[in-house]
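None of the figures in this text is laboratory data; all of them are computed from the coordinates on show. These numbers were taken from a predicted model, which means no experiment stands behind them. Backbone-built Cβ (ideal geometry, glycine too); neighbour counts: all protein chains shown.
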Amino acid sequence: MPEKGLEGKSEALGLVVETRNGPGVLHQLTGVIARMGGNITWVAILDSGEPIETVFFEIGGVDAPDRMSRELEGLPVVISVKEERTLARVFGKRVIIVGGGAQVGQVAVGAVSEADRHNLRGERISVDTIPLIGETALAEAVRAVARLPRARALVLAGALMGGEIEDAVRTVREKGLLVVSLNMAGSVPEAADLVVSDPIQAGVMAVMAIADTAQFRVDRLKKKFY
């Protein structure tokens, strides 16, 4: 059965479906889910191009998961169906740290330590990092974070960022992503939600800002530079 979240609400159902590869397979799978009243909130196709591929669904609004599994198993293209925990339940919200290698590492120290504190209280917050240099590469990475599943906060860790990166920051903020910046040269700090001079503290504050088990909220701060 779909599990309950921290607030007792029903979470999405996770289904791992092994299928024979071929055109129209995804259409057949989603057709069954739609007929059963399921709302697909996320889907990933694994082993794409292999004769047997795996499709992972996260589905909301499922009242009869066992029946849905049987309906899917009845399709000729389906080999097996297995219920699993959703990625939100396993890995939870994500903090993405992008920028220079040394700064990224220091931000990660703070973020991982703070995430551990909240995860011990039943939450799930994961931390991803990618050291990058160059305006174009960084701007592409910033924009891509808005397309990552479960990404809630982005930390920009570097010594100089502006131009195209600033434009990307403003774009992802409009999509609801929280952006934390180190206090660096360039125009990115002015575009961010929060600016923190100490990289370890930046990681800590980014996690606190998205944690349900924390009282800290960026919109309640009287200033944005720390």
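Which of Leu75, Leu154, Leu138 has the fewest other C-beta atoms within 10 Å, and how do the rest follow up to the most?
Leu75, Leu138, Leu154
How big is the dipole moment of region 13-87 about its Cα centre under a simple scheme where the beta carbon of each Lys and Arg is +1, that of each Asp and Glu is -1, and everything else is neutral? Debye, nearest 20, please.
180 debye
Just how large is the dipole of the chain about the Cα centre, in debye to the nearest 20, putting +1 at every Lys and Arg Cβ and -1 at every Asp and Glu Cβ?
Value, rounded to 20: 660 debye.
Determine, for Val95, Val145, the number of other Cβ atoms within 10 Å of each Cβ, and report the residues in order from fewest to most.
The order, fewest Cβ neighbours first, is Val145, Val95.
Using alpha carbons only, how many angstrom separate the centre of region 18-50 from the centre of region 125-199?
33 Å
Give me Val204, Val109 sorted ascending by neighbouring Cβ count inside 10 Å, so fewest comes first.
If I rank by nearby Cβ atoms, fewest first, I get Val109, Val204.
Positive end of the charge dipole of the chain (Lys, Arg +1 and Asp, Glu -1 on Cβ, about the Cα centre): tell me which of Gly158, Ala206, Ala64 has its Cα farthest that way.
Going by the charge dipole, the pick is Ala206.
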